[in-house]
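Before any comments, here is the structure.
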Amino acid sequence: MLVDASTGDDAAVYRLADGRALVVTLDFFTPIVDDPYDFGRIAAANALSDVYAMGGRPLFALNLLSFPRGLLDEGLAEEIVRGGAEKAAEAGIPVLGGHSIDDAEPKYGMVAVGDVDPDAMLANDGARPGDHLVLTKPIGTGIVATAVKAGKCPPGLLAAAVESMARLNRGAAEAAMEVGAHAATDVTGYGLTGHLGIMARASGVAARIEAGRVPMLEGVGGLVEAGFVPGGTRRNRADGAGSVAVEGEVSETVQLLLADAQTSGGLLIACPPERTAGLLWTLDRAGDAAVVVGEVTGGAAGRVVVAG
């Protein structure tokens, strides 16, 4: 065993032999968009993201599907699974089976299995003071999903969120590995500040975010102000009360977005400052609009400062 749940990492890692280890993870959830095909694509990208966050290369996946038997003739389950299969094919891997159960509430996701060189993998415990923090996707998808459920999300914002969530983190992982980043995690259910806090605590460091530099889905602030904030986001905000400090003027809207529970978010990469330009150039070449959002600092392990 090389990585287990004790460090809050994105996947388990198990050594097979010198130079090779298995990366194994699973993830599934209820629909966050109305279109079943898009739901399948997003769920698959989300599951594969945990392999990429470790610097791993996916090998194959297994489906996890819960679906009401009474709706099987509607073609919805097939669309969900088709979306997942096409996203797996984009990642270059097969889906080798899986498991399904009768359930009143649909759920879908995957077990994702990959491999990694244990001497070169990205974990969340390697961040060092002075590292730049690079984020590869905008935040706000939890807010969007809540507005979708209420039928209040503008079509353009929904399309942008779906495109972001369905995009694989493959290019971001390859870029981080290429330049020799120190650590990485993907930003999902604990939000940006939550996942950064986990990385900082595992690494024995603190961190600082420049709130004004964090990319956010265009128009998502208006949804926050209209009240479309999921319970998970509010819990994240409350859970971070003792470890997240705000300096300067940071609006309530932005503070909530920084804690927003994401689905299939980007990678948050701790990169040595002398390698950041190369990382950003490589990410741009891969189609990821990455941004330096802060830095790793000394201080109490796990403390995150949000600067206005």
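The values are calculated or read from the model by the stated rules, or taken from the named source; none is laboratory data. Quick caveat: nothing in here was measured; it's all calculated off a predicted structure. Cβ atoms come from the backbone with ideal geometry, glycine included; neighbour counts cover every protein chain shown. Please note that ligands, DNA and RNA were not included when accessible areas were found on the heavy atoms of the full protein model with its side chains. Shrake-Rupley method; radii C 1.70, N 1.55, O 1.52, S 1.80 Å.
Considering only ALA200, ALA176, ALA89, the mean-square fluctuation computed in a Gaussian network model of the chain, springs between alpha carbons under 10 angstrom, is largest for ALA89.
Taking 0.36 nm per residue of separation and subtracting the current Cα-Cα distance, fully stretching the chain between LEU72 and ALA277 would add 68.8 nm. For the chain, the carbon plus sulfur part of the accessible surface works out to 52%, probe radius 1.4 Å.
A full extension of the chain between LEU16 and LYS149 corresponds to an added length of 43.5 nm, given 0.36 nm per residue minus the alpha carbon distance. Spin-label pair PHE28-VAL246: with each label point 7 Å from Cα along the Cα-Cβ axis, the two points sit 3.8 nm from one another. Inverting the pair-averaged 1/r between distinct Cα atoms of the stretch 152-308 gives 16.1 Å as its Kirkwood hydrodynamic radius. Between ALA307 and GLU90, the contour length at 0.36 nm per residue exceeds the Cα-Cα span by 74.3 nm.
Does the stretch 1-125 come out rounded, prolate or oblate by the C-alpha gyration tensor, with a ≥ b ≥ c the root eigenvalues, rounded set by a/c under 1.5 and, if not, prolate when a/b is larger than b/c and oblate if not? Prolate is the answer for the stretch 1-125, as a/c is 1.5 or above and a/b outweighs b/c.
Helices in the chain, meaning DSSP H runs of at least 4 residues, each add -39500 (n - 2.57). Divided by all residues, the mean residue ellipticity at 222 nm is -10500 deg cm²/dmol. Derived from the Cα gyration tensor, the three semi-axes of the equivalent ellipsoid of the chain are 29, 25, 16 Å, largest first.
Loop-located GluC sites (Glu not before Pro) across the stretch 237-302 with a Cβ neighbour count of 16 or fewer within 10 Å are GLU249, with loop assigned by DSSP. Think of each Lys and Arg Cβ as +1 and each Asp and Glu Cβ as -1; about the Cα centre, that makes the dipole of the stretch 1-56 roughly 260 debye. Expressed to the nearest 5 percent, the antiparallel share of DSSP beta bridges inside the stretch 153-308 is 50 percent.
Once the 1.4 Å probe is applied to the protein heavy atoms, the stretch 1-117 comes out at 46 Å² accessible per residue.
At a probe radius of 1.4 angstrom, the accessible area of the stretch 166-281 per residue rounds to 39 square angstrom.
Using C-alpha pairs under 8 Å with a sequence gap of at least 6, the mean separation divided by the residue count of the chain gives a relative contact order of 25 percent.
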